[in-house]
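Novice: Quick one: structure below, then a few questions.
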Amino acid sequence: MGVDGVVIDLIIAEIHKPCVQVLPSHRTAVSLPHLHPDWTYEMSQASSHQDLAPIRKDWVGVEFDWATFEMKADDMVAWAEACGETDQRFINAEHPDFQAHPGFTTHCMSGRVFPDNFPQIGGGFGIDGGKKVEVHAPIRAGDTLTATTTIADIFDKTGRSGTMIFIVQRMEFRNEDSELVSTVDWKMIKRAE
């Protein structure tokens with residue numbers, strides 16, 4: 001479901017009668033049928049606008065986490081099958097060009113979302129705004145990937161639902177030969193305060 005071009009995943013736990021749902025964690029109005037009326041939340045526009053320029057200057061490009069991931073054939077096949085993949089290169093470990101599905105590295109999380117002492121920006125916890133994956137080279141079973149995480153960008157966007165802040169975390173994955181094999185940009189979206 002999109003709101004002002006932002007992808008929002010919602011988990012609906014209870015279904016009743018139609019209403020407008022606005023989740024407090026991201027204060028974005030979404031018209032959804034059959035939701036419990038207690039979930040209705042008064043939407044408010046952002047009351048102030050945080051200057052992101054000094055935060056960008058201090059934090060974009062800061063490297064803050066490192067992790068290592070072992071690439072196992074069974075995990076690679078399971079991921080590709082869960083994605084509905086039918087190309088034998090991704091679902092048959094015996095294929096001569098067997099490799100990880102292009103989206104495989106999106107599930108590799110390092111454990112830290114932000115660097116130490118990263119400032120509180122916006123309100124609420126934030127939501128997952130999606131991932132962008134760039135494949136640079138095939139990932140093979142048996143590879144050991146080293147991932148480096150940086151803050152790639154911080155920006156805001158104003159639409160009908162008010163101002164949202166986007167914090168982009170970038171993970172770059174390299175194989176044992178230090179070859180860049182995958183880049184994953186993950187966007188966290190927070191409402192501006």
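Values quoted throughout were computed directly from the atomic coordinates according to the rules given, and no laboratory measurement underlies them. Predicted model only: the values in this text are computed from it and were never measured. Reconstructed Cβ throughout: ideal geometry from the backbone, glycine too, with neighbour counts over all protein chains shown.
Novice: Would you mind counting up the charge near F64? Only other residues with Cβ under 12 Å from its Cβ, with Lys and Arg at +1 and Asp and Glu at -1.
Specialist: -1
Novice: Test of understanding: extend the Cα→C-beta vector of V60 to 7 Å, then name every residue of segment 150-193 with backbone N under 11 Å from that spot.
Specialist: In segment 150-193, the label zone of V60 (backbone N under 11 Å from the point 7 Å along Cα→Cβ) covers 152-156, 168.
Novice: Can you check what the net charge comes to around G126, using other residues whose Cβ is under 10 Å from the Cβ of G126 (Lys, Arg +1; Asp, Glu -1)?
Specialist: Around G126, the charge tally is +2.
Novice: While we're on this one: With unit charges on the beta carbons (Lys and Arg positive, Asp and Glu negative) and the dipole taken about the Cα centre of segment 104-163, which residue among G123, G111, I151 sits farthest to the positive side?
Specialist: Toward the positive end, the furthest listed residue is G123.
Novice: Give, in nm to one decimal, the length gained when the segment between Q88 and T144 is fully stretched (0.36 nm per residue of separation minus the Cα-Cα distance).
Specialist: Full extension of this stretch gives 17.9 nm more.
Novice: While we're looking at this one, here's another question. With no solvent and one point on each alpha carbon, what is the Debye value of log10 I(q)/I(0) for segment 52-127 at q = 0.16, 0.25 Å⁻¹?
Specialist: Taking Cα atoms of segment 52-127 as identical point scatterers yields -0.73, -1.14.
Novice: List the residues of segment 159-193 whose backbone N lies under 19 Å from a point placed 7 Å from the Cα of T68 along the Cα-to-Cβ direction.
Specialist: Taking a point 7 Å out along Cα→Cβ of T68, the residues of segment 159-193 whose backbone N falls under 19 Å are 172-182.
Novice: Report the net charge of residues surrounding Q88, where surrounding means a beta-carbon distance below 13 angstrom and charges are Lys +1, Arg +1, Asp -1, Glu -1.
Specialist: Overall, the nearby charge balance is -4.
Novice: With a Förster radius of 25 Å, plug the Cβ-Cβ distance of E81 and D177 into 1/(1 + (r/R0)^6) and report the FRET value to the nearest 0.05.
Specialist: 0.30
Novice: How many percent of Cα pairs in segment 49-182 exceed 18 Å?
Specialist: I get 61 percent for the Cα pairs in segment 49-182 exceeding 18 Å.
Novice: Given a cut-off of 18 Å, name the pairs among K72/K131; K157/K187; K57/K132; K132/K187 whose C-alpha atoms lie farther apart than that in the structure shown.
Specialist: Pairs exceeding the cut-off: K72/K131; K57/K132.
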